[in-house]
Each structure stands twice: as C-alpha cells, then as structure tokens.
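Visitor: If you scroll down you'll find the structure; I have some questions about it.
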Amino acid sequence: MCQLLGMNANTPTDVMFSFTGLATRAHEHKDGFGIGFFEDRGVRVFIDPASARDSAIARLVKTYPIHSRHVIAHIRKATQGRVALENTHPFVRELWGRYWVFAHNGDLKGFCPRLHGAFRPVGDTDSERAFCWLMQELAKAHAGVPDVRELSCTLAELLPELHRHGTFNMLLSNGQALWAHCSTHLHWLVRQHPFTTASLKDEDLRVDFAAATTPADRVAVIATEPLTADEAWTAFRPGELRAFVDGQPLA
C-alpha cells in the first residue's frame, strides 16, 4: 500500500530530512508522489504520477526551501484508480474559506456514497471519493469552521463509516491542526528540547537537530512506518484518531 508522512510544528519547520526518508521507499511505491504544505492560510501542492525516485518535481521539492507548520506527503502504490495526475495524493478542497489537504493509505471496498455538487472527485480513486464524502459531511455538521476539539469529535463520529469498508489510514489538515487516523499502520513521535541526532533507516543520512533548532521548537512527525532508526516512535492503535497542534498531540 501507500506510505504517508505528516508534520505538525509550533513554528515553520524544514521537512526535507523526513521527506528524503519517505522518497527512498518509492522503489516499492512507484505510482506517484505528492506533498502539500501550508504557508499561513495558503497551500502549495506538488504532485507527480511518476516515482519520487525519478521525478523532476521530486528533485525540485528536495531543493525547495519548505518551511511550514503543517505538511502532508504521500507516495502511492495504486490499488484503485489508474496511475494519473488526477489520482495522485494529496488532494485539496476548500471548505469554510479554508483549504483542506488529505492523503490516504488503504483500500476501501464498495464505498460509493451519494455526493452533491460541492464535493465531487476529479479522479477515480476510493481515496478522493472518501475525502469528498468527509468534506460533505463536515459541511452538513457545522455552519462554519469549528475549533479543533469539536472538529475532532465530528471526525471521530464519521471515520468508522470509512473504516468499515476496509483499510483507512489518513492524514488531514486545514492549517489549524493535523489529524491522523490509523486503520492498520501509523506511527508518530515528537521532537523537542533537548534535541538529539537522528539517522534515517533507509538512507545514509544523519541530522543533528540541536544544531538547527531553538529550545522553544517542537515538531510532531507521523509516518506509516518509522523513518529513523534511533528515535522512539509510538504506534497508533487500530481505529485511533489523533489531532496534532503546535507540534504535539492533543489530549
């Protein structure tokens, strides 16, 4: 299946160390890659149906000075939908005057909800269909953008409907928080003072975070599988939903 990477921080942060670790796994997940990141209320999204190992856009991303508080990245191993630009994650929609960015790892069987005109998939993946349904149901539940805790409660009510159709690991952000839901495999960690050195599991790359941070910095990283070999990653429980704000999970 696909691989997910999310980052949530209390200050704009460089995600390239983690993205390099994710892109290294593209030899098994070669059906496209994408990354979306917020700059204040705006969003930049780079997607390509080519493998992150071969894509010229991936090379551009690796040199682009990304500094963001909310990042979602994805490398695709197609299960539903052809390999095409419109089927490449992450997907973006607008709701309540905010952008929403979404990526999914899994396979939903028989999920064919009725969707109205405001939220329709452009491609033919179960992932984008699930995202459109989520946006539609959130719009029904709230007249305007609620706070993070209220949104988390609504998502907790909606996500079991998707979970029962199959594997549904997801990352979702509207620039206020980053929500992560686990169906099978998802892990997280928080980097904060005192920062240490970390080494990627799949690449010969090591970073001393103490040299590039301040004592006030804090960043949460979420990934399908742990990206580093020398940090304490925590596995999500099946069915667990967590919201991350300012680089830490909400209680």
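The values are calculated or read from the model by the stated rules, or taken from the named source; none is laboratory data. As the structure is a prediction and not an experimental result, all values here were calculated from the model. With ideal geometry, Cβ positions are generated from the backbone for all residues, glycine too; neighbour counts draw on all protein chains shown.
Visitor: From the list His70, His89, His74, exactly one residue is under 17 Å from the mean Cα position of the chain (by Cα), modelled with pLDDT of 95 or more, surrounded by 15 or more Cβ atoms within 10 Å (Cβ to Cβ) and under 25 Å from Val221 (Cβ atoms). Which is it?
Guide: Among His70, His89, His74, only His70 is under 17 Å from the mean Cα position of the chain (by Cα), modelled with pLDDT of 95 or more, surrounded by 15 or more Cβ atoms within 10 Å (Cβ to Cβ) and under 25 Å from Val221 (Cβ atoms).
Visitor: Going through His185, His181 one at a time, which residue ends up being under 14 Å from the mean Cα position of the chain (by Cα) and surrounded by fewer than 19 Cβ atoms within 10 Å (Cβ to Cβ)?
Guide: Just one listed residue meets the conditions, His185.
Visitor: Just name the residue that is surrounded by the fewest Cβ atoms within 10 Å (Cβ to Cβ) out of those in region 117-141 that are touching a residue at least 40 places away in the same chain (Cβ under 8 Å) and not in a helix (DSSP H, G or I).
Guide: Asp124
Visitor: What residue, of Arg41, Arg69, Arg59, Arg53, is closer than 20 Å to Glu86 by Cα and among the basic types (Lys, Arg)?
Guide: From the options Arg41, Arg69, Arg59, Arg53, the qualifying one is Arg53.
Visitor: Something else now. Restricted to region 192-251, and to residues that are at pLDDT below 90 and of a type in the set (D, E, K, R), which residue is nearest to Asp147 (Cα to Cα)?
Guide: The qualifying residue nearest to Asp147 (Cα to Cα) is Glu231.
Visitor: Among the charged types (D, E, K, R), within 25 Å of Gly106 (Cβ to Cβ) and surrounded by fewer than 22 Cβ atoms within 10 Å (Cβ to Cβ), is that true of Asp40?
Guide: So Asp40 fails the test.
Visitor: Determine if region 160-168 includes at least one residue that is of a type in the set (Lys, Arg) and either modelled with pLDDT of 95 or more or surrounded by 15 or more Cβ atoms within 10 Å (Cβ to Cβ) (or both).
Guide: The answer is no; no qualifying residue exists.
Visitor: Do any strands (runs of 3 or more DSSP E) entirely within region 1-116 hold 2 or more residues that are in contact (Cβ under 8 Å) with a residue 12 or more places away in the chain, in contact with a strand residue (DSSP E or B) (Cβ under 9 Å, 6 or more places away or on another chain) and small (Gly, Ala, Ser), and if so, which?
Guide: Qualifying strands (runs of 3 or more DSSP E): 3-13, 33-39, 68-75, 98-108.
Visitor: For region 211-251, what are the residues that are without any contact (Cβ under 8 Å) to a residue 40 or more places away in the chain and surrounded by 13 or more Cβ atoms within 10 Å (Cβ to Cβ)?
Guide: Thr213, Pro226
Visitor: Moving on. Looking at Ala232, Ala198, Ala216, Ala211, can you tell me which residue is of a type in the set (Gly, Ala, Ser) and touching a strand residue (DSSP E or B) at 6+ places or on another chain (Cβ under 6 Å)?
Guide: Ala198
Visitor: Could you figure out which of (1) aliphatic (A, V, I, L, M); (2) in contact (Cβ under 8 Å) with a residue 60 or more places away in the chain; (3) out of contact with any Leu (no Cβ under 6 Å at 6 or more places or on another chain) isn't true of Ala180?
Guide: Evaluating Ala180 over (1) aliphatic (A, V, I, L, M); (2) in contact (Cβ under 8 Å) with a residue 60 or more places away in the chain; (3) out of contact with any Leu (no Cβ under 6 Å at 6 or more places or on another chain) leaves (3) as the failure.
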